[in-house]
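Just so you know, all these numbers are worked out from the coordinates, no wet-lab data involved. Here the structure is a predicted model, which means the values were calculated and not measured. Don't worry about glycine lacking a Cβ; one is built from the backbone with ideal geometry, like all the others, and counts go over all protein chains shown.
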């Protein structure tokens, strides 16, 4: 029986590919680099923005990457208009809360921007905890963010379901000992996600309430 759910943000609740690409391209160019193309930005989905910067500009120093990160964090909301709420995201959150589940968000974004994004889509009040990049030493696919989110909700990892669109979400959830639900609303194919052997794989969040209902009723 589960008592809580951990959601990923990008490409799970919000389609943010265009925002991430346009913002990262902007800050790279503003700092004298050549920028980044959309396909490279897509390759970094599910990982930290530092990974995207490494793909775009191999050999960056730690100080250069930190400067880019600070600029990216400061500029991100200027591009949030390119993001869209994914179908059934709100309905899934509403259903989860209606059956008494605690909700956490775990993202590789900064907690500040994650909160702003949730607020802009009127989703912030659904969440009991938000963990961003700065809240853990290790990031997905490490289990640390999921373990810390469980602790924030005062639940055991085995009482949680992890919902995400990349193999990083599945690995992190499985590593924590949680139920894993992979959703194919991001850049990863069903075949790529199935290779990680999630407990469930769904095409859209439309299918999530039925899964949560079954997991809540299981003793």
Hey, how many Å between the Cα centroid of the range 65-100 and the Cα centroid of the range 150-219? 19 Å
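Within 10 Å of each residue's Cβ, count the other Cβ atoms and sort 187, 5, 162 from fewest upward. Could you put the intermediate results ahead of the total?
On the way: 187 18, 5 26, 162 33.
In increasing order of surrounding Cβ atoms, one gets 187, 5, 162.
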For the chain, modelled as a GNM with alpha-carbon contacts under 10 angstrom, which of 191, 159, 18 fluctuates the most? 191
With Cα springs under 10 Å, the Gaussian network model of the chain assigns the largest mean-square fluctuation among 179, 99, 117 to 99
Relative packing of 22-34, 165-177, which averages over residues the other C-beta atoms within 10 Å, highest first: 165-177, 22-34
Between residue 29 and residue 204, Cβ-based FRET efficiency (R0 45 Å, step 0.05) works out to 0.80
Given a cut-off of under 8 Å on Cα pairs at least six residues apart, what relative contact order in percent is computed for the range 119-175? 34 percent
Can you tell me the 0 to 90 degree angle between the C-alpha axis of helix 17-30 and the longest principal axis of the chain, rounded to 10? 30 degrees
Please give the FRET efficiency for residue 98 paired with residue 64, using the beta carbon to beta carbon distance and R0 = 45 Å, rounded to the nearest 0.05. 0.45
Within 10 Å, count the other beta carbons around each residue, average over each peptide in 141-154, 51-64, and list them highest first. 141-154, 51-64
Contact order relative to length for the chain, counting C-alpha pairs under 8 Å separated by 6 or more residues, stands in percent at 26 percent
What the Cα atoms of the chain span along the principal axes, largest first and in whole Å, is 57, 32, 31
What is the helix-to-structure angle for 208-217, meaning the angle in degrees between its Cα long axis and the longest Cα principal axis of the chain, kept from 0 to 90 and rounded to the nearest 10? 40 degrees
